[in-house]
């Protein structure tokens, strides 16, 4: 959690937040008051999202935006979808701030509302009805008959309510799992649940919910906004507008660094949505080996290891060194199932690490299984490119390929993109998606792969090196990632390369791919049209035709009797 605020600091923050909205409405107009990331959750909820889970940075004003939605719902008549709105957090100060924000929005929207009142809410344990706790709460009543009710804890009587419930800083409430059980009952009668929080550790129930969404185990809607994303959307500019400061890029950069320095070691968790306290292995060895059920015949693993002076050898010798691998590859490609779809992942490398190409088959029941793995060590980029093109051309029903375009991989990814089309967005065309690997990509796309291991929806070849690679993936600051250290003997070290290629292939197999194809209509050539350079038969026939033409011309001119 953030450092505690003094009473004077808290009063100043509340006073500024209370006074901010009228001036913003006057300066910007009501539709433009919310920043883009504040308006996005409101749009999702207004569109009917049942459960919205939001990872957020500290103090970016997201709760302020949610207050506007609470007012809109509570201020509507029943026929327009009106309902009560309930706000729950871990501290009384936060509930006061939320109610203040709601009161401001009510005035801005010109919605009739009674004064904010404070009352004691009875929290009774059904098992012990004599034991009643009085909980301080805040309430705004609207002319619609609905109300906004803000509570500083999670009363059991939430089960008797109905409407929209907002659980703010959910990672810090006493029992999020139990609170979610009560809140999800709201969905039966058209209610909505918003779970919003900064992180509080990788093992926290809030992060468990987030990971389930990213792994597609949960159908809840997910939204994420970190400190830098908020700044890009105009957070600091809005702060300058409210406080009367003049914005400048240098001033924003200095302010950003001051905030990061203030949080110190906690900046990743507090500002950048990275849960802390995680440092263990991503997958256990027993789980990895349990999914390695395929034989070498079912899922060939081909390895090509070329000498360091390969490029300096004569062409004939280079071809001789490649010949055994070429034959193995041809045989493996002929063994691919023509009835199944395939997806590929490619992690290029040149010197220290092996380049790994992974081809997954997608079975009829959507289970993924390894179809072919290629490891290339010391292989020049031109040969890597040729091998990858051969595999992608031969793969039956190819739905796509994801290539690590970080660093040296960019050139190879572009070349493959030229051959098969570059994919730049989820609904775009092209078969090759150029991936820039980083914490955000790992955080979003590694959980589905882990879920496949846990749910037994993936099958791999039995290979000791691949076990090592998958075990190298660690939870670093809450995100699956590969540490900089390499494992293995000198000259044969590994750096989780198979794990990366597998993650890319699994990503490619899950994307929405659209197949574009055409068959060119053959164009009728003139008898005397020049041939293509590589069409020897056509060239010979064209020469004959030209000779016939010259003979006929001479006859007509009298040159030949």
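Of the residues that make up the stretch 113-134, is at least one under 26 Å from residue 51 (Cβ atoms) and modelled with pLDDT of 65 or more? No, the stretch 113-134 contains no residue that is under 26 Å from residue 51 (Cβ atoms) and modelled with pLDDT of 65 or more. Scanning the stretch 420-477 for residues that are modelled with pLDDT under 90, outside any loop (DSSP other than H, G, I, E, B) and touching a strand residue (DSSP E or B) at 6+ places or on another chain (Cβ under 7 Å) returns 422, 423, 439, 443, 468, 471, 472, 474.
Would you point out the residue of the stretch 95-106, among those that are in contact with a strand residue (DSSP E or B) (Cβ under 8 Å, 6 or more places away or on another chain) and under 20 Å from residue 83 (Cα atoms), that is modelled with the lowest pLDDT? That would be 95. Which residue is modelled with the highest pLDDT, if the candidates are limited to the stretch 348-379 and must be touching a helix residue (DSSP H, G or I) at 6+ places or on another chain (Cβ under 6 Å) and assigned to a loop (DSSP other than H, G, I, E, B)? The residue in question is 348.
May I ask you to verify whether residue 399 is in contact with a strand residue (DSSP E or B) (Cβ under 6 Å, 6 or more places away or on another chain), more than 25 Å from residue 351 (Cβ to Cβ), crowded, with 18+ Cβ neighbours inside 10 Å and at pLDDT below 95?
yes
As for the stretch 304-318, it holds at least one residue that is in contact with a strand residue (DSSP E or B) (Cβ under 9 Å, 6 or more places away or on another chain), part of a loop (DSSP other than H, G, I, E, B) and assigned by TED's automatic domain parsing to the domain that holds residue 430.
The values are calculated or read from the model by the stated rules, or taken from the named source; none is laboratory data. These numbers come from a predicted model, not from an experiment. Counting neighbours? That spans all protein chains shown, and the Cβs are built from the backbone with ideal geometry, glycine included.
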